[in-house]
Amino acid sequence: MLERSGPPGPPLRISSCSSWLRGEEEPQRHEEHQGLNREKPKISELLEKDAAQQAAPKNSRKLLVKSYGCQMNVYDSARMSDLLEGEGYSEAAREEDADLVVLNTCHIRERASEKIYSELGRLALMKRERREAGRDLTIVVAGCVAQAEGELVLRRQSAVDLVIGPQSLQRLPQLLRRTEQGERVADTDFAVEEKFAGLPQPTRAQIAARGVSAFVTVQEGCDKFCAFCVVPYTRGAEVSRGVKEIISEARRLALSGVREITLIGQNVNAYRGEDEHGRAASLEDLFERLSAIEGLERLRYTTSHPVDMTQGLIDAHASLPKLAPFLHLPVQSGSDRVLREMNRRHDAAFYLDIVARLRRARPDIALSSDFIVGFPGETDRDFEDTLALIRAVDFASTFSFKYSPRPGTPGAEREDQIDEETKRVRLAALQALVEEQRQAFNAATLGRRLPILFEKPGRHEGQIAGKSPYMQAVHAEGDASLIGRLLEVEIVAAGANSLAGTIVSAMESA
Ligand code: 5AD
Ligand code: SF4
């Protein structure tokens, strides 16, 4: 039984364990976008909801949610924490203090999945020691490993109490009650429609504790079925949230101090959500609505697929000043033959054309991509084509991976797998090239004045840290009271991983 006593804890902390997807960035301008009505958050509505949530029953159990993989998981982890805080759980600062540990897992590459099982092995040991000392530990596996492996997780690791897929999160409290009766449960049903409606909105205190930059899931799932990827199997078909729900979530975030929102989805630019008139809205429609929300200074989106990169969305980069001049647009390979075999549905020329149109719309746009080396059958010539595409685009940042065969995907069935050594050599060559481009991009910002959104204290006393429009980490001398502000900063030094600047002036239009 859950004990219903004890004081309410602070907002729950989510520890994020890695990140292979990245948010995007935008510049800031003083002028407001013309012709838009500013959308005002309704304070009374929010306060009522907060009061209702804070009146939730209390218990003395402590929770730790560990998030692996992409931003979609970071968002889901926050929602699980909000849900359980509503049930009276409070944050455990350390694993040793937690009565409930949730691993929100990633299945994208073999190494990500295996890491989960080694984490579970460690937690199983902790659970055994706890039991000997007369205390318990509940272990929950959520996310994509849960979805892909279901009951197999329960069989592989007997210490696991609950396996819950990403589409079943709203059922977490009921399922936990079943585990309290000694049941071991796996729930991996797809029920996307229920998911968002069944999840509570965070309170203002919870939002404030998570900082000035927030994710909002607008779309989930993927219909693309790239030959290497597990996502269509773990996250299901593409489903978009309604416009009204998204705008209301964004207004609530803005009212609680959020200044930057990244719209996230496995295929975010395939977004087609229903608006208040029953019409299908696009991502650029959403950005236009979000631009009108008072307090929001920057808008970003990730991750996009090239075939869904419409001219309307490209044009939004020209017409909406709050939309970041940064785009993460994975291409995976520069070889037409490999792109075809990956089932990417476009060739290299198509990608280069999008880049050209984006640069026409927003000349300073910075580009980012994902690459896979060593997809089955990839020749030296194919790999050279990838390097040629990289040289042609000139990326500001990239993520690159050795191909990892994933069970159930067409790529894994192929007999022409590439040996590890070839993958290693190609990855090193690719990373050397993109690193050169990244350093050159950083060095080119020296002496420029950029709008920096300050997010947190810096590493040294008297420093604050934030992000440039192009997703670069920037630090400057400044008081902590400037956190949450968008300030004009002159870049005075470019290091390997961050820029240093001097604050010149405030930029907010509000
Ligand atoms: N092997 C290696 N990398 C992969 N990715 C997805 N599936 C695999 C795989 N099987 C990479 C892609 C994708 C990113 C999120 O992860 O580059 O864009
Ligand atoms: Fe995976 Fe391809 Fe869908 Fe991206 S578009 S999530 S790589 S299947």
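We did not get these values from a lab; they are worked out from the coordinates using the rules stated. This structure is a prediction, so every number in the text was calculated from the model and none was measured. A quick note on method: Cβ atoms are made from the backbone with ideal geometry, for glycine too, and the neighbour counts reach across all protein chains shown.
Among 426-433, 180-187, sorting by the average number of other beta carbon atoms lying within 10 angstrom of each residue, highest first, gives 426-433, 180-187. Here the Karplus curve 6.51 cos²θ - 1.76 cosθ + 1.60, taken at θ = phi - 60°, turns the phi angles of segment 255-270 into couplings of 5, 9, x, 6, 10, 9, 10, 10, 7, 10, x, 4, 9, 4, 7, 8 Hz, with x standing for Gly and Pro.
Dipole size of the chain about its Cα centre, with +1 on Lys/Arg Cβ and -1 on Asp/Glu Cβ: approximately 680 debye, rounded to the nearest 20.
Expressed to the nearest 5 percent, the antiparallel share of DSSP beta bridges inside the chain is 35 percent. Close amide H pairs (under 5 Å, H built 1.01 Å from N) link Lys456 with Ala465, residues at least 5 positions away or on another chain. Peptides 401-413, 137-149 ordered by packing proxy, namely the average of other Cβ atoms within 10 Å per residue, highest first: 137-149, 401-413.
Loop-only check: which trypsin sites (Lys or Arg not before Pro) in segment 68-152 are DSSP coil with at most 12 other Cβ within 10 angstrom? Intermediate values should be presented prior to the final figure.
Details: sites: Arg79, Arg94, Arg109, Arg111, Lys115, Arg122, Lys127, Arg128, Arg130, Arg131, Arg135; in loops: Arg94, Arg109, Arg135.
Filter output for segment 68-152: Arg94, Arg135.
Distances between placed amide hydrogens fall under 5 Å for Ala142 paired with Leu103, Asn104, Thr105, Ile164, all partners being 5 or more residues away or on another chain. Karplus-derived 3J(HN,Hα) values for segment 103-110, using 6.51 cos²θ - 1.76 cosθ + 1.60 with θ = phi - 60°, are 9, 9, 9, 10, 10, 4, 10, 4 Hz; glycine and proline are entered as x.
3J(HN,Hα) couplings calculated from phi for segment 385-396 with the Karplus curve 6.51 cos²θ - 1.76 cosθ + 1.60 (θ = phi - 60°) are, in sequence order, 4, 5, 4, 5, 5, 4, 5, 5, 8, 6, 8, 7 Hz; Gly and Pro show x. Each of Phe350, Gly69, Ser291 was placed along the dipole of the chain (beta-carbon charges, centred on the mean Cα), and the one lying farthest toward the positive end is Gly69.
Bridging of Lys115 to aspartates and glutamates at a Cα separation below 16 Å is possible for Glu149, once same-chain residues fewer than 8 apart are set aside.
Would you mind ranking Glu461, Glu436 by Cβ crowding within 10 Å, fewest neighbours first?
Glu461, Glu436
If only the Cβ of Lys and Arg carry +1 and only the Cβ of Asp and Glu carry -1, the dipole of segment 73-128 around its Cα centre is close to 380 debye. Sorting Asp76, Asp380 by the number of Cβ atoms found within 10 Å of their own Cβ, with the fewest placed first, yields Asp380, Asp76.
Between the amide H of Phe215 and those of Thr262, distances stay under 5 Å, these residues lying 5 or more places away or on another chain, with hydrogens modeled in the peptide plane. Taking label points 7 Å from Cα along the Cα-to-Cβ direction, Leu387 and Val307 give a separation of 3.0 nm. The C-alpha atoms of segment 228-367 occupy a region whose extents along the principal axes are 49, 37, 27 Å, arranged from largest to smallest.
Using Cβ contacts closer than 10 Å as the measure, can you line up Lys62, Lys456, Lys322 from fewest to most?
Ordered by Cβ neighbours within 10 Å, fewest first: Lys456, Lys62, Lys322.
Adding -39500 (n - 2.57) for every DSSP H run of four residues or longer, then dividing by how many residues the chain holds, sets the calculated 222 nm ellipticity at -10500 deg cm²/dmol.
Dividing the C-alpha radius of gyration of the chain by 2.2 N^0.38 Å, with N its residue count, gives 0.98. Is the shape of segment 156-310 rounded, prolate or oblate, going by the alpha carbon gyration tensor and its root eigenvalues a ≥ b ≥ c, with a/c under 1.5 for rounded and a/b larger than b/c for prolate? Oblate, since a/c reaches 1.5 and b/c is not below a/b.
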